[in-house]
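Report on one structure; see the data block that follows.
Taken together, the values in this text are just the output of simple stated rules run on the coordinates, not laboratory data. Values in this document were obtained by computation on a predicted structure and should not be read as measured data. Positions of Cβ are generated from backbone atoms using ideal geometry, with glycine treated the same way; all protein chains shown enter the neighbour counts.
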Amino acid sequence: MSIKPNWQSALNKFLKDWKDKDFVEAALLTGNHAVGVQTKYSDVDVYIVLSDKVDWRKRGIVIDGVLIEYLANPVS
């Protein structure tokens, strides 16, 4: 028996690390899950908007078997 990963739970775990950071301006769900056309093969697309004082970028992580494809960039 295969257990289907819960993308919302994985997304909440992912966002937990970002929520209290003073350099995070917003988090936006994008892609298939945002518009409700995801399949069992869909990853979770998230855009993390960072403040302009940040000079680094990040992307991509797997949580509980769910690929969270994210971009974390300053607005500029």
Residue-averaged [θ]222 nm for the chain, counting only DSSP H segments that reach four residues, each worth -39500 (n - 2.57)
-5000 deg cm²/dmol
Net length gained if the chain between residue 75 and residue 13 were fully extended (0.36 nm per residue, minus Cα distance):
19.9 nm
Of all DSSP beta bridges in the chain, antiparallel share, percent nearest 5
60
Please compute the Cα-Cα pair-distance distribution of the chain with 10 Å bins starting at 0, giving whole percents from short to long.
19, 50, 25, 6, 1
Order 61-71, 11-21, 31-41 from most to least packed using the mean count of other Cβ atoms within 10 Å.
61-71, 11-21, 31-41
What is the magnitude of the charge dipole of the chain about its Cα centre, with +1 placed on the Cβ of each Lys and Arg, -1 on the Cβ of each Asp and Glu, and no other charges, expressed in debye to the nearest 20?
200
Once you put a point 7 Å from the Cα of residue 35 and another 7 Å from the Cα of residue 54, both along the Cβ direction, what distance in nm separates them?
2.6
Counting only other residues whose beta carbon sits under 15 Å from that of residue 68, what net charge do I get with K and R as +1, D and E as -1?
0
List the relative contact order of the chain as a percent without decimals, with contacts defined as Cα pairs under 8 Å and 6+ residues apart.
30
State the number of lysine pairs found in the chain whose Cα atoms come within less than 20 Å, restricting to pairs 8 or more positions apart or on distinct chains.
10
